[in-house]
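Undergrad: Here it is, the structure, as structure tokens.
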Amino acid sequence: MALELPALPYAYDALGPYMSKETLEFHHDKHHQAYVTNGNNLLKDSPLKDKSIEEICKIAFQEKNAGLVNNVGQHYNHLHFWNWMKPNGGGKKLPGALEKAITADLGGYDKMRTDFVQAGVTQFGSGWCWIAVKDGKLVIMKTPNGENPLMHGAQPILGCDVWEHSYYIDYRNLRQKYLEAFVDSLVNWDHVESLRVSA
Ligand code: FE2
């Protein structure tokens, strides 16, 4: 089954001023499209081509297939990234059950925010920071390039893209400001909670 680029779940200008139309046009239409195109080229003659995207991520990582890890991994990561944001999102308006889990496992909202932003800031070079479910508990993680928590025995429920293509147009080199805006003004916490419940 070929990888496909889905449409954004909102208008290109819907996330302003925190993420601009120009950023989303480049990020979705050029960068995500490139992962889809490259992933399909790599999968064409691969025995993994009929597996689910999640299975391909895990197996490609075990087999140290860097091309599939990065391109199919990035396809998976971006499929979710678009849905981890919404207009008027972010901040402390969390579903109650998610807030409880964050308090129990991550030391409360404020500590989670600090640790999530810190994970993104300290990811050297390109990569992602995450909240994932591992062994039944929420954990903060960071991964390089196209890797994701699936490849490390965990289920991601929130991720922020810290590749420069995700923030350089709007924030230049200020990665921390971008991460803070993501948590404070963009996260779709209802979607995060739905993933936590099904993890
Ligand atoms: Fe990206």
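The values are calculated or read from the model by the stated rules, or taken from the named source; none is laboratory data. A quick note: this is a predicted structure, and the numbers were derived from the prediction, not measured. Cβ: placed from backbone, ideal geometry, glycine included. Neighbour counts: every protein chain shown.
Undergrad: Quick check, is GLY127 of a type in the set (Gly, Ala, Ser), within 19 Å of the chain's Cα centre (by Cα) and not assigned by TED's automatic domain parsing to the domain that holds ASP184?
TA: So GLY127 fails the test.
Undergrad: Additional query: If I filter region 97-119 for residues that are out of contact with any Pro (no Cβ under 8 Å at 6 or more places or on another chain), modelled with pLDDT of 95 or more, within 28 Å of GLY73 (Cα to Cα) and of a type in the set (S, T, N, Q), do I get at least one hit?
TA: yes
Undergrad: Across region 11-48, what is the number of residues that are exposed (fewer than 15 other Cβ atoms within 10 Å of the Cβ), more than 16 Å from SER166 (Cα to Cα) and away from the ligand (no atom under 16 Å from the Cβ)?
TA: Summing the residues that are exposed (fewer than 15 other Cβ atoms within 10 Å of the Cβ), more than 16 Å from SER166 (Cα to Cα) and away from the ligand (no atom under 16 Å from the Cβ) in region 11-48 gives 5.
Undergrad: Hey, among the residues in region 165-199 that are among the basic types (Lys, Arg) and without any contact (Cβ under 8 Å) to a residue 12 or more places away in the chain, which one's surrounded by the most Cβ atoms within 10 Å (Cβ to Cβ)?
TA: Of the residues in region 165-199, the ones among the basic types (Lys, Arg) are 172, 175, 177, 196.
Among the residues that remain, those that are also without any contact (Cβ under 8 Å) to a residue 12 or more places away in the chain are: 172, 177.
Details: ARG172: 11, LYS177: 15.
Of everything passing the filter in region 165-199, LYS177 is surrounded by the most Cβ atoms within 10 Å (Cβ to Cβ).
Undergrad: So, one more: Under the condition of being part of a helix (DSSP H, G or I) and under 13 Å from the mean Cα position of the chain (by Cα), which residue from region 182-199 is nearest to ILE102 (Cα to Cα)?
TA: Here is the first cut: in region 182-199, the ones part of a helix (DSSP H, G or I) are 182-186, 189-198.
Narrowing the set further to residues that are under 13 Å from the mean Cα position of the chain (by Cα) leaves 182-183, 186, 191-192, 195.
Details: PHE182: 17, VAL183: 14, LEU186: 18, HIS191: 15, VAL192: 12, LEU195: 14 Å.
Across region 182-199, the extreme among qualifying residues is VAL192.
Undergrad: So, VAL133, is that one of a type in the set (A, V, I, L, M) and farther than 17 Å from ALA101 by Cβ or not? Full working, then the answer.
TA: Details: of a type in the set (A, V, I, L, M): yes; farther than 17 Å from ALA101 by Cβ: no.
Here the answer is no, as VAL133 does not meet what is asked.
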